[in-house]
């Protein structure tokens, strides 16, 4: 079977499926592109009309998952991908398809590349980046992977399946720790000797701030859990402490002792 180049795996929960038609319509019926809608449902609403409208497009397929949690959706997408490269995304993200040719060419010219990360923006004109991005290409290391967002990743499917690198079921929306999903997965990929590169190309835009950017004591707990998962329990606590000290101005409203308490709290890792 000859695989197409790209599959966009769109994770959505309940009524979020209603956002897909407007947000992703610029890649409907696009040559060399598949769209896999992975719809997790926990309500009794009837989504048959919107599903019917979506799957009328030649490159769209639909899967309903009763099991909740974003890591289950991402893992299902990877295991069932029908393309060479998987782009996991969400229903409220809008894609810049003009970058796909450059992405394909990079993979073809760099056989050692197992995954790529690109740029994301708050606007359709690519004028408001969601964070600070390098203007030049580089190869990722464990430090640079700490700042990658979930909507900036492209995966070479065969590489991840052969190394059995999946998303950790303890991290991400609907899981034990409600964040850190992509961070932990990419760190695991790096530990498995998979090579990642950053390309200064726009992949998508998303108008809203990421839930991972919220300044709450719960986010401190989740971030600390991510450090412990990556670096081990004791070293992870130290790394988390150093991170929050370095960025203390951002977190100072939470109170220093509250932050320390969350960092040292047992997380069952």
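The values are calculated or read from the model by the stated rules, or taken from the named source; none is laboratory data. Bear in mind that the values here come from a model prediction, so they are computed numbers and not experimental data. Every residue, glycine as well, gets a Cβ built from its backbone with ideal geometry; the counts of neighbours run over all protein chains shown.
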Which pairs have Cβ atoms under 7 Å, sit 6 or more apart or on different chains, and link a residue in the stretch 231-249 that is assigned to a helix (DSSP H, G or I) to one that is surrounded by fewer than 18 Cβ atoms within 10 Å (Cβ to Cβ)?
233/269; 237/264; 239/231
Check whether at least one residue in the stretch 13-28 is in a strand (DSSP E or B) and modelled with pLDDT of 95 or more, and report yes or no.
yes
Scan the stretch 195-213 and give yes if some residue there is touching a residue at least 24 places away in the same chain (Cβ under 8 Å), part of a helix (DSSP H, G or I) and over 24 Å from residue 122 (Cα atoms), otherwise no.
no
Do you know which of the residues in the stretch 187-199 that are under 16 Å from residue 110 (Cα atoms) and touching a strand residue (DSSP E or B) at 6+ places or on another chain (Cβ under 8 Å) is surrounded by the most Cβ atoms within 10 Å (Cβ to Cβ)?
196
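Condition check ((1) farther than 21 Å from residue 75 by Cβ; (2) assigned by TED's automatic domain parsing to the domain that holds residue 99) across all residues:
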| position | (1), (2) |
| --- | --- |
| 137 | yes, yes |
| 174 | no, yes |
| 221 | yes, no |
| 224 | yes, no |
| 245 | yes, no |
Check off (1) without any contact (Cβ under 8 Å) to a residue 60 or more places away in the chain; (2) within 17 Å of the chain's Cα centre (by Cα) for residue 116 and give me the number that stays unchecked.
(1)
Looking at the structure I just gave you, is residue 235 surrounded by 19 or more Cβ atoms within 10 Å (Cβ to Cβ) and in contact with a helix residue (DSSP H, G or I) (Cβ under 9 Å, 6 or more places away or on another chain)?
no
Within the group 218, 265, 228, which residue is more than 21 Å from residue 182 (Cα to Cα) and in contact with a helix residue (DSSP H, G or I) (Cβ under 9 Å, 6 or more places away or on another chain)?
265
Among the listed residues 10, 37, identify the single one that is under 20 Å from residue 148 (Cβ atoms), assigned to a strand (DSSP E or B) and either touching a residue at least 40 places away in the same chain (Cβ under 8 Å) or touching a helix residue (DSSP H, G or I) at 6+ places or on another chain (Cβ under 7 Å) (or both).
10
